[in-house]
1. Just to be sure I understand: of the beta bridges DSSP finds with both ends in region 158-350, what percent are antiparallel, rounded to 5?
2. Taking 0.36 nm per intervening residue step and subtracting the Cα-Cα distance, what contour gain separates Asn384 from Cys213 on full extension?
3. Computed FRET efficiency, Cβ-Cβ of His37 and Arg173, R0 41 Å: what is it to the nearest 0.05?
4. Could you give the nm distance between label points at Thr25 and Arg197, where each point is 7 Å from its Cα heading toward the beta carbon?
5. Taking all pairs of distinct Cα atoms, average 1/r, flip it, and tell me the Kirkwood hydrodynamic radius of region 136-196 in Å to one decimal place.
6. Counting each pair of different Cα atoms once, what's the Kirkwood radius of region 177-279 in Å, rounded to one decimal?
7. Packing-wise, with mean Cβ within 10 Å as the measure, how do 127-134, 180-187 rank, highest first?
8. At R0 = 30 Å, how high is the FRET efficiency between His297 and Arg139 if r is their beta carbon distance? Nearest 0.05 is fine.
Amino acid sequence: MTAAREAMACQICLAPLNTLGAPPTYVHPVQLATDGHEAVPVPVSQLDTVRRTCDFCGDPYPTWTLVGGEVTAVAIGAAAGLVQNFGQAWAACATCQTHIDDGRNDKVVDRAVQAFGLGDHPQVRERIEQLHQAFLNARLPGRTLITTTAWPDTAITPRELPKVRDRLARLYRSDDDLPLAVASTDVREHIAAGLDRARLFWIDSDFTDLAECAAEKLPDATISLDFMPSTDGLLVWSRPITHRQIAAASWTATNDGWQLINYRTIGGGLGGTPLQRLREQVGWLAPTSTVQVQEQHVLPGQHPATALIATWLLVVQQVAEVTTAVVDKAIRKSYARTNRPVPEVRILSIGANRGTTPPTTQSAMGASERSQSSRFWVSGHWRNQPYGPGRALRRPVYISPFLRGPDDAPIKLSTTVRILSSQKPKPARD
């Protein structure tokens, strides 16, 4: 029995690729507009984002992969015939999936006709309907959540974080498939149980800015329980962080370490019944990457878990000031009905005078600094700090940008402008 070939996408434009011949040659789909670059194939499993569209209507935010009949269309012209293989795995957006679940395949056809601007061509509508039916009539049970769709951002507030956590645990316990290392039933149940007992953390905007800046420069880091804020946890940043657009992360204790999982928000821009169904069936978060780590496991600086590790390290060096959020009233009532205690949501913000900036007083300076005639900026960076028994262990500590030099000396001019604020500057008007 031949193993199924893994789907491939172009590393440059992130579009799924078609295959030609054997051994396969990977090419862009004929209908895809590109800048003319050659396809650079990489396995879809290695990408955080893949630029797929709904195979029913062309919506740019596909949500589910369905498996149905192998559909092939043959167009015969005066010169030659064109064979288009649509395959047996189709992507469906949330709206098309809602119509399919409700048995309204005619509405799926309506969406396709409207999206392609073919409302005045009844014969074209008939052909689209035939393609859809050929797939759906042979559809197999089940579906797989597409976790590589780059949805518009969805804000998650501290008040609703318990509900977000509960829906995520429900997703892991559902019958819907997940295309990750967490796909097995036993692993998913273990992660769901970890979410049930997880401490909840929400990172405010200033702390999120600091964490993102620190994550970009994080060196190789050694995993240790010493700098985890809890054994199991779910952490949400106020906005997506790093170039991977990670909105949240969870960690779950296992027999030999922890399962670290990154998430992106899902459902942004939807409304009505499709959004309601998505929130009920999936929730707010979709897992995008996962890694199993052990105590003293070393992660490279550009690993997908860098944002989480950097945030942990900032918390353990006491940069964070912790307050407690007021949980939404409806959530409190829901927990009361099931005799569960209302979970505590911890809001992490940058505390006042938390000391990530080295002192610049005369008493703290060496002779070389006292002899300087000006002050200059030192960029934010990490340095290893001794800790533990006999100070034999090391952990990275983030040093925020600071001025080095005598307090009464002028600041050395440079062409670099540093904005020491979480507020982004407004663009100048012409």
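1. Numbers: 27 of 36 bridges.
Counting DSSP beta bridges with both partners in region 158-350, the antiparallel share is about 75 percent.
2. On the way: separation 171, 0.36 × 171 = 61.56 nm, distance 1.74 nm.
Result for the pair: 59.8 nm of gain on full extension.
3. Values: r = 43 Å, r/R0 = 1.04.
The computed FRET efficiency comes out at 0.45.
4. 5.7
5. On the way: mean 1/r = 0.0743 Å⁻¹.
Answer for region 136-196: a Kirkwood hydrodynamic radius of 13.5 Å.
6. On the way: mean 1/r = 0.0644 Å⁻¹.
Its Kirkwood hydrodynamic radius stands at 15.5 Å.
7. On the way: 127-134: 17.1, 180-187: 13.4.
The peptides rank, most packed first, as 127-134, 180-187.
8. Details: r = 42 Å, r/R0 = 1.40.
Efficiency, from the Cβ-Cβ distance: 0.10.
A short reminder: the numbers here are calculations on the coordinates, not readings from a lab. The shown structure was predicted, so the numbers you read here are calculated from the model rather than taken from an experiment. No Cβ is skipped: glycine too gets one built from the backbone with ideal geometry, and neighbour counts run over all protein chains shown.
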